[in-house]
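Next up is a structure, given as C-alpha cells.
The values are calculated or read from the model by the stated rules, or taken from the named source; none is laboratory data. What you see is a predicted model; the values in this text were computed from it and never measured. So basically every Cβ, Gly included, is an ideal-geometry build from the backbone, and we count neighbours across all protein chains shown. Just so you know, the surface numbers come from the protein's heavy atoms only, side chains and all, with ligands and any DNA or RNA stripped out. Shrake-Rupley method; radii C 1.70, N 1.55, O 1.52, S 1.80 Å.
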Amino acid sequence: MNNTTVDIIINLLIFVITVVLIFRFFRKEGKWAPEQARFVFRFYTTQSNVLCAISALLMAVFTLAGNVPEWVWLLKYIGTVAVTVTMLTVFFFLAPSIASIGKNWVEILLTGSDIFMHLLTPLMALVSFCVFERRGMTFPQCLLGVLPVVLYGPLYLYKILYAPEEKRWDDFYGFNRNGKWKIAFCAMLLGTLAICVGIMLVQNV
C-alpha cells in the first residue's frame, strides 16, 4: 500500500467518522432532534471537526482525481490546525480546569464521540497533512491557519457577554472566568499561531 492510498484512506475515515457523529447529534431517543444539533454546533469542537471533515473529503477526491489544487491543500491545512487547537485546548486548558474541581476529565472529555473529536480525528488530520501531504509552506500561507480562531473568538465573546439574554450562551469553555476573556483570547491566538508555525516547519523540512 503506497503513501497516496494511505492518505486517501485516512482522509475518508476522517470524513465518515465525522458524518456519523454529526448524524447522531441530530438524533435523540430514536427521534429527529434538530434543536439538539443546533446546541452542539455552538461548540468550536464541532465546527472545527466539520471543517476538517469537509477538507479531508475534498483532499481524498482530488487525490483520487490525480491533482490536488492549492486551495484544497490550504483548506486541509486550515482544518488540520482547527482540530489541533481543539485537541490541545482539551489537554492543556479544559482537562486541568476540570481536574481542579475534582472531576474525572478523561470521563468527561475522552468518552463517546469526544474521543474522536477531541483526540483521534485531530491526530489523523495531523498525520495525513504532515506526513503524506507535505509540499512546502510560506509564512503568509501559515497565517491562514489562525482564521478559525479569529472568527470564532469574537462570536464566542458576543454570545457569552453581549447577546440578548435569551440568546446568550453559557461560558462553557471558561474563557471569561474572572473577566479575563482578553487574556484567554490572546493566549488562544498565540497558541494557534505556534501550532501554525510548527506545522509550517514540518512542511518545510
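What is region 118-198 by shape, rounded, prolate or oblate, if you read a ≥ b ≥ c off the alpha carbon gyration tensor as root eigenvalues and call it rounded for a/c under 1.5, prolate for a/b larger than b/c, and oblate otherwise?
Prolate, because a/c is 1.5 or more and a/b exceeds b/c.
Follow-up. Taking each full run of DSSP H in the chain as one helix, which ones are at least 27 Å long along their axis (Cα atoms) and have mean Kyte-Doolittle hydropathy of at least -1.0?
What comes out of the filter, once short or polar helices are dropped, is 3-25, 44-65, 70-89, 181-203.
Can you list which of the chymotrypsin sites (Phe, Trp or Tyr not before Pro) found in region 113-205 are DSSP loop residues with at most 14 other C-beta atoms within 10 Å?
In loop regions of region 113-205 (DSSP not H, G, I, E or B), the sparsely surrounded chymotrypsin sites (Phe, Trp or Tyr not before Pro) are F172.
Once neighbouring chains are kept in place and the probe is 1.4 Å, which whole percent of the accessible area of the chain is contributed by carbon and sulfur?
It is 68 percent, rounded to a whole number.
Which option, (i) 8, 32, 36, 19, 5, 0; (ii) 6, 25, 32, 20, 9, 4, 2, 1, 0; (iii) 8, 28, 31, 20, 10, 3, 0, is the value of P(r) over Cα pairs in 10 Å bins from 0, in percent that was calculated from these coordinates?
After the calculation, the listed value that fits is (i).
For region 1-128, what is the relative contact order in percent, using Cα pairs closer than 8 Å and at least 6 residues apart in sequence?
Over region 1-128, the number comes to 30 percent.
Moving on. Could you tell me which GluC sites (Glu not before Pro) in region 1-92 are loop residues by DSSP with no more than 15 other beta carbons within 10 angstrom of their beta carbon?
Those that pass, being in a loop and sparsely packed, are E29.
Net charge around S55, counting only other residues with Cβ within less than 14 Å of its Cβ (Lys, Arg = +1; Asp, Glu = -1)?
-2
Would you please classify the overall shape of region 79-151 from the alpha carbon gyration tensor, given that a ≥ b ≥ c denote the square roots of the eigenvalues, rounded means a/c under 1.5, and beyond that prolate means a/b larger than b/c while oblate covers the rest?
Verdict is prolate for region 79-151.
Provide F62, F39 ordered by accessible surface of protein heavy atoms (probe 1.4 Å), highest first.
From most exposed to least exposed: F39, F62.
Hey, another quick one. Strictly over 31 Å apart at the Cα level, which of K31/K182; K31/K180; K28/K167; K28/K182; K103/K182; K31/K76 would you flag in this model?
Cα-Cα > 31 Å for K31/K182; K31/K180; K28/K182; K31/K76; rest within.
A further question follows. Is region 162-205 rounded, prolate or oblate when judged by the Cα gyration tensor, a ≥ b ≥ c being the square roots of its eigenvalues, rounded requiring a/c under 1.5 and prolate requiring a/b larger than b/c?
prolate
Please compute the per residue accessible area over region 121-173 with all protein chains in place, 1.4 Å probe, rounded to a whole number of Å².
On a per-residue basis, 54 Å².
Let me ask another. For region 9-125, what is the per residue volume of the convex hull drawn over the alpha-carbon atoms, in cubic angstrom?
Value for region 9-125: 108 Å³ per residue.
On to the next question. I'd like the accessible area for R135, computed on protein heavy atoms only with a 1.4 Å probe and all protein chains in place. Round to 10 Å², please.
110 Å²
Right, here's the next one. Calculate, for T111 and W32, the FRET efficiency according to 1/(1 + (r/R0)^6) with r their C-beta to C-beta distance and R0 25 Å; round to the nearest 0.05.
0.55
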